[in-house]
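Beneath this line is the structure, given in structure tokens, with notes to follow.
The values are calculated or read from the model by the stated rules, or taken from the named source; none is laboratory data. Source: prediction; values computed, not measured. All Cβ positions, even for glycine, are placed from backbone atoms using ideal geometry, and neighbour counts span all protein chains on display. The accessibility values were calculated without ligands, DNA or RNA, using every heavy atom of the protein model including side chains. Shrake-Rupley method; radii C 1.70, N 1.55, O 1.52, S 1.80 Å.
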Amino acid sequence: MSHIRIAPELHLILEPMSGILAEEKEDVLEYSLDHISTIVEDLDKIVDDMMNSLGPDHPLLSSFPGREKAAVTAGVWTNIFYGFIGGLLLMFLFTVLIKIGGL
């Protein structure tokens with residue numbers, strides 16, 4: 001359980017997480033939520049992973065170590081490639097217009 005019996009003869013218990021000292025009663029039902037807290041911690045990790053997936057510089061839960069900047073690097077190389085292709089197309093159109101005599 002998640003409480004400590006301080007004085008069993010006086011029926012005093014202490015809840016260590018909040019520091020509350022209380023009287024133990026027979027008409028109160030006790031239920032341990034320790035197994036639920038582990039499930040909530042796992043769900044919290046999944047939620048953090050979903051939030052980290054929105055930014056390219058955060059590590060993901062199921063990725064290999066050292067891959068935090070992979071999306072940034074891929075974006076830079078993709079922009080360089082498309083910029084090069086776009087520049088070639090513009091240079092081609094410009095040379096065609098000069099050969100035709102339009103400029």
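Quick notes on this one:
- Length released on extending from L10 to V96, taking residue separation times 0.36 nm less the Cα-Cα span: 21.2 nm
- A Cα-only calculation for the stretch 23-77 places Rg and Dmax at 20.0, 69 Å.
- Degrees separating the helix 70-100 axis from the principal Cα axis of the chain, which is the longest one: 20
- Accessible area in the full protein assembly, largest first, 1.4 Å probe, for S63, S53: S53, S63
- Here the accessible area is traced with a 1.4 Å probe on the protein chains. For the chain, carbon and sulfur cover 69 percent of it.
- Once the gyration tensor of the Cα atoms in the chain is diagonalised, the equivalent ellipsoid follows with semi-axes of 70, 12, 10 Å, ordered largest first.
- Counted by Cβ distance under 12 Å from H35, the other residues give a net charge of -3, where Lys and Arg count +1 and Asp and Glu count -1.
- Computed label-point distance, nm, for sites H35 and T73 using a 7 Å Cα→Cβ extension: 4.4
- For the chain: accessible area per residue (Å², 1.4 Å): 88
- Spacing of the modelled spin labels on A22 and H3, each 7 Å from Cα toward Cβ, amounts to 0.5 nm.
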